[in-house]
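Working notes, structure below.
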Amino acid sequence: MPRIGTLTIALLLPLSAYGTDLTAMAHKAGFNRCDHAIAEEFKGLAQKGDGVASTGYFNNRSFSIMATWGKKKDSIWKNTTFVKFGRRCLAYSVVGSTFPSTCSVFKAENPQWKSMKQVADFTWTQNKGGVNALLKDLPNDHCSVTYRIHQAYDVNVSSATDKKSSAGKNTVNSSS
């Protein structure tokens, strides 16, 4: 019989106080041992300031965080699901950003993303690490960039240098 979980959405949380709050919310949901992964995946939010996050979980083996931050026409959203797997914490993220120029300018400034295929108004790209990104031109000469990243963390690690990445180094340059 398949296990059906209940998704519980927690309060919206201003990220100026995110540091222990996201971890505390995970612990309150019965999700622990992935504190380092949560802190590492969302460390940029504290640096950027004004952001919002919500959390949800199915059981004590998985926990999701959806967050947004940035400024108008130069913003980021990220949805990450953390899964405990043995002595590892796996983080599966879908990330979207608004680049403050056209997609042509984005590709010129980020040559690591090679065009693969045009489908309707989306351009599929891929970097050397095999990560795909979708580009879509937006009104007012902006570009939507959406990509997926998978990371694996040791559960007993407190150092960012011990982070393992199955997707290789993935960076998107954007004006801040």
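The values are calculated or read from the model by the stated rules, or taken from the named source; none is laboratory data. Computed from a predicted structure; not experimentally measured. Virtual Cβ from ideal backbone geometry, glycine too; neighbours counted across all protein chains shown. The accessibility values were calculated without ligands, DNA or RNA, using every heavy atom of the protein model including side chains. Shrake-Rupley method; radii C 1.70, N 1.55, O 1.52, S 1.80 Å.
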By average C-beta atoms within 10 angstrom, highest first, the peptides 130-141, 90-101: 90-101, 130-141
Local electrostatic count at V94 - Lys and Arg +1, Asp and Glu -1, tallied over other residues with Cβ under 9 Å: +2
Accessible area per residue, Å², the range 80-135 with all protein chains present, probe 1.4 Å: 52
Contour excess over end-to-end distance, with Cα ends at V52 and A24 and 0.36 nm allotted per residue: 8.5 nm
Surface accessible to a 1.4 Å probe, H36 within the full protein complex, Å²: 30
Segments 70-77, 113-120 sorted - mean Cβ within 10 Å per residue, highest first: 70-77, 113-120
Three-way shape label, the range 51-115, alpha-carbon gyration tensor, a/c 1.5: oblate
5 Å-binned pair-distance histogram of the range 13-136 (Cα, whole percent): 2, 10, 18, 19, 16, 14, 12, 7, 2, 0
Members of K84/K107; K84/K117; K72/K107; K78/K128; K28/K128; K71/K107 lying beyond 31 Å, as alpha-carbon distances in this model show: K84/K107; K84/K117; K28/K128
Protein accessible area in the range 66-150, 1.4 Å probe - carbon and sulfur %: 57
